[in-house]
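K.L.:
The structure that follows is given in the form of structure tokens.
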Amino acid sequence: MKKLTTLCLLGLFVAACGSEGDGTDDLDERRDSQEDRFVADGKADSNGIEDRSWKAQCVLNVANRATLAELDDDMSLWSVAAKNIVAGRPYDTLEALDDVSWVGWYAFNQMSSYARDHGHCPALGEEYIPAGEAEDTVAVAEAGMAHIQGKFDEGQRPALRDAHPKAHGCVKAFFEVDNARLPASMRVGVFAEQGHEFPAWIRFSNGSFTISPDPEGDIRGMAIKLMDVPGEKILERARDAKTQDFLLINTPVLMVRNAHDYVEFSQKAFDGNPVSFFLKLNPDEWHFRELVITLKTLAKKIASPLLSRYWSTTPYRLGDEHVVKYSARPCTGESADRPADAGDDYLADVLAASLADGDACFEFLVQPQKDPEAQPIEDPSIEWDDARTPFLKAATIRIPAQTFQGPDRAAFCENLSFNPWHSLPAHAPIGGINRVRRVVYDAISDLRHGLNGVERAEPVDHTIPAQD
Ligand code: HEM
């Protein structure tokens, strides 16, 4: 009520004083003109609240849950704004809330502060699913499938992965648990038993949707498949398989925040014009942070797939108590020194040369989430600060000296499927990008295996096909 009085005193909304709520034609007219003022100021944007962010979810939670008294008295919103918020529930986007009459930057600001102070923000490990994600997921899957089908129709044989189609090699490895520095609550899933050694396959790849020369800037992938992992897995189709996958890339951050953005990004990338995702005529629509990540990633030079660090970028549960990101760090450190004569396939060549000479090794690390805002679950374009929350060692990956090139191994490699959801529940993926991947990886793998006339199967053998 006190805000209404203030309104009257200001003399700005005199007619509104008598009728507080919405409903009259007169009021609608005035509200529209007022609304225009606020909209022109860019309510949510001016408070630094990005759509689908942790802060946005805080505001939506308050808008959906707070009582009228809380909105009106505790948050000191205009009474008419508080009433309209309650009347217009539920809100599943900032935009919808932004459209409510009398709700402007002030209301956003108050709700945002109140949410933080009164426990309305998403907690550690809590997912918050933005509106439209299911539709966006279908769009991502459909775009990927159309891309593969299109290439196949043009004559590409075999049908390749939609992302990471270029393999540098599939190598045999061993994953030895080293949980000595993990707290007891993190010694779960595959990290439960100190010293336990899982046989593993690792596929090193380039991320680009097309097969490009290795000297070109690209994301590099490291997909790890542990073998002999007991216990039921998350996905129905491979529930009883004895494998468990971890997927990593050589950047700590993804250049896409969520499913919504991925739809646009992948469409532009498939059309060969990814830049138009980042930069548009209207600077308000730029994806500047994502552009910086992309440029940094593309500028990264790696000497060898064995001398690059890799990260999961997206979070995973670790038992009931933790959420972590993963990283694999070369035991001997990273190197950006490319061979002077780096050819189109130099990454496969140096991988083969290194493993002909001797073993390689990575430390497998986990980084626990400690701050739900600074280390959000739903936005893998934000790095979880290593200095603040250091990675902890969980295992050592040993890649013994071997020969891995040859047609049998290449075919085996091509027919493997890696999927972040092919996992023990103790390592369940979380966050929007991972939720999208649950649908997309399966659909893509099914399609390419179907087109190639190859049955999808998890490997059961660590010795065949082998030239080592
Ligand atoms: C919405 C986001 C993403 C989509 C739609 C997507 C899509 C795909 C698809 C369709 C494949 C091929 C799967 C197959 O046919 O077997 C793939 C492979 C891969 N993805 Fe993603 N991806 C996404 C995000 C990520 C992220 C965040 C990472 C970070 C680690 C990642 C790492 C990889 C790797 C390493 C491979 C290669 C797996 C292999 O070697 O077979 N992807 N991705």
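K.L.:
Order of ARG329, ARG448 from fewest to most other C-beta atoms within 10 Å?
P.N.:
ARG329, ARG448
K.L.:
If you average 1/r over all unlike Cα pairs in the range 69-112 and invert the result, what Kirkwood radius do you get in angstrom? Please report the intermediate quantities before stating the final value.
P.N.:
On the way: mean 1/r = 0.0981 Å⁻¹.
Computed over Cα pairs of the range 69-112, the Kirkwood hydrodynamic radius comes out at 10.2 Å.
K.L.:
Something else: Taking R0 as 56 Å, what's the FRET efficiency between GLU95 and THR403 from their Cβ-Cβ distance, rounded to 0.05?
P.N.:
On the way: r = 57 Å, r/R0 = 1.01.
So, using R0 = 56 Å, E works out to roughly 0.50.
K.L.:
Using only helices, what value at 222 nm comes out for the chain when you add -39,500 (n - 2.57) per DSSP H run of length 4 or more and divide by the total residues, to the nearest 500 deg cm²/dmol?
P.N.:
Numbers: 15 runs with 166 residues, N = 468.
Computed ellipticity for the chain at 222 nm equals -11000 deg cm²/dmol.
K.L.:
How much length is gained on full extension from ARG338 to GLU264, taking 0.36 nm per residue of separation minus their Cα-Cα distance? If you can, show how the numbers build up before the last one.
P.N.:
On the way: separation 74, 0.36 × 74 = 26.64 nm, distance 3.35 nm.
Using 0.36 nm per residue and subtracting the Cα-Cα distance, I get 23.3 nm.
K.L.:
What is the local net charge at GLY195, summed over the other residues whose Cβ is closer than 11 Å to its Cβ (Lys, Arg +1; Asp, Glu -1)?
P.N.:
Numbers: positive: none; negative: GLU176, ASP178, GLU193, GLU197.
Neighbourhood net charge equals -4.
K.L.:
From zero up to wherever the largest Cα-Cα distance of the range 83-138 sits, split into 5 Å bins and tell me the percent of pairs in each.
P.N.:
P(r) for the range 83-138, in whole percents per bin: 4, 15, 19, 25, 19, 11, 5, 1.
K.L.:
Continuing with the same structure: Grab every C-alpha pair in the range 260-322, bin the distances at 10 angstrom width from 0 up to the longest one, and report whole percents.
P.N.:
16, 36, 29, 17, 2
K.L.:
Neighbour counts of other C-beta atoms within 10 Å: give me VAL59, VAL229 arranged from fewest to most. Please list the in-between numbers first.
P.N.:
Working: VAL59 28, VAL229 21.
The most exposed by this proxy come first: VAL229, VAL59.
K.L.:
Something else about it: Beyond 22 Å between alpha-carbons counts as too far, so tell me which of LYS301/LYS393; LYS166/LYS225; LYS166/LYS301; LYS280/LYS325 fall in that bin.
P.N.:
On the way: LYS301/LYS393 25 Å; LYS166/LYS225 18 Å; LYS166/LYS301 17 Å; LYS280/LYS325 32 Å.
Table pairs above 22 Å Cα-Cα are LYS301/LYS393; LYS280/LYS325.
K.L.:
Using a cut-off of 9 Å between beta-carbons, work out the net charge of the residues near THR314 (Lys and Arg +1, Asp and Glu -1, THR314 not included). Present the calculation step by step, with values, prior to reporting the outcome.
P.N.:
Numbers: positive: LYS325, ARG437; negative: none.
Net local charge, THR314 excluded: +2.
K.L.:
Quick one: length gained pulling VAL439 to ALA411 fully straight, 0.36 nm per residue minus the C-alpha distance? Let's see the in-between values first.
P.N.:
Details: separation 28, 0.36 × 28 = 10.08 nm, distance 2.47 nm.
Answer, rounded to one decimal: 7.6 nm.
K.L.:
Relative to the Cα centre, what is the charge dipole magnitude of the chain, using +1 at the beta carbon of each Lys and Arg, -1 at the beta carbon of each Asp and Glu, and rounding to the nearest 20 debye?
P.N.:
Values: 48 positive and 75 negative charges, 244 e Å.
The dipole magnitude comes to about 1180 debye.
K.L.:
Viscosity 0.890 mPa s, temperature 25 °C: Stokes-Einstein D of the range 309-396 from its Kirkwood Cα radius, in µm² per second?
P.N.:
Details: Rh = 15.1 Å.
For these conditions, the coefficient is 162 µm²/s.
K.L.:
Taking the number of other C-beta atoms within 10 Å as the exposure measure, put THR389, THR332, THR210, THR243 in order starting with the fewest.
P.N.:
Placing the least packed residue first, the sequence is THR332, THR210, THR389, THR243.
K.L.:
Excluding MET222 itself, what net charge comes from residues whose Cβ is under 10 Å from its Cβ, given Lys and Arg +1 and Asp and Glu -1? Mind showing how you got there, number by number?
P.N.:
Details: positive: ARG203, ARG220, ARG309; negative: none.
Summing Lys and Arg as +1 and Asp and Glu as -1 gives +3.
K.L.:
Could you grab the relative contact order for the range 133-452? Cα pairs under 8 Å, six or more apart, rounded to a whole percent. Could you put the intermediate results ahead of the total?
P.N.:
Working: 679 pairs, mean separation 81.4, N = 320.
After rounding, I find 25 percent.
K.L.:
Distance in nm between label sites at ASP357 and ASP461, each 7 Å beyond Cα in the beta-carbon direction?
P.N.:
Calculated label separation equals 3.2 nm.
K.L.:
I want to verify the translational diffusion coefficient of the range 120-249 in µm²/s; compute it with Stokes-Einstein, Rh as the Kirkwood radius over Cα pairs, at 20 °C and 1.002 mPa s.
P.N.:
On the way: Rh = 18.1 Å.
Answer from the Stokes-Einstein relation: 118 µm²/s.
K.L.:
So what's the convex hull volume per residue for the Cα atoms of the range 210-355, in Å³?
P.N.:
Details: hull volume 25.3 nm³, N = 146.
Roughly 174 Å³ of hull volume per residue.
K.L.:
What is the ratio of the Cα radius of gyration of the chain to 2.2 N^0.38 Å, with N the residue count, to two decimals? Walk me through the numbers before you get to the answer.
P.N.:
Values: Rg = 25.8 Å, N = 468, 2.2 N^0.38 = 22.8 Å.
Compared with the compact-globule rule of thumb, the chain sits at 1.13.
A short reminder: the numbers here are calculations on the coordinates, not readings from a lab. Treat the numbers as computed from the prediction; the structure is a model and nothing was measured. Methodologically, a virtual Cβ is constructed for each residue, glycine included, from the backbone with ideal geometry; neighbour enumeration extends over all protein chains shown.
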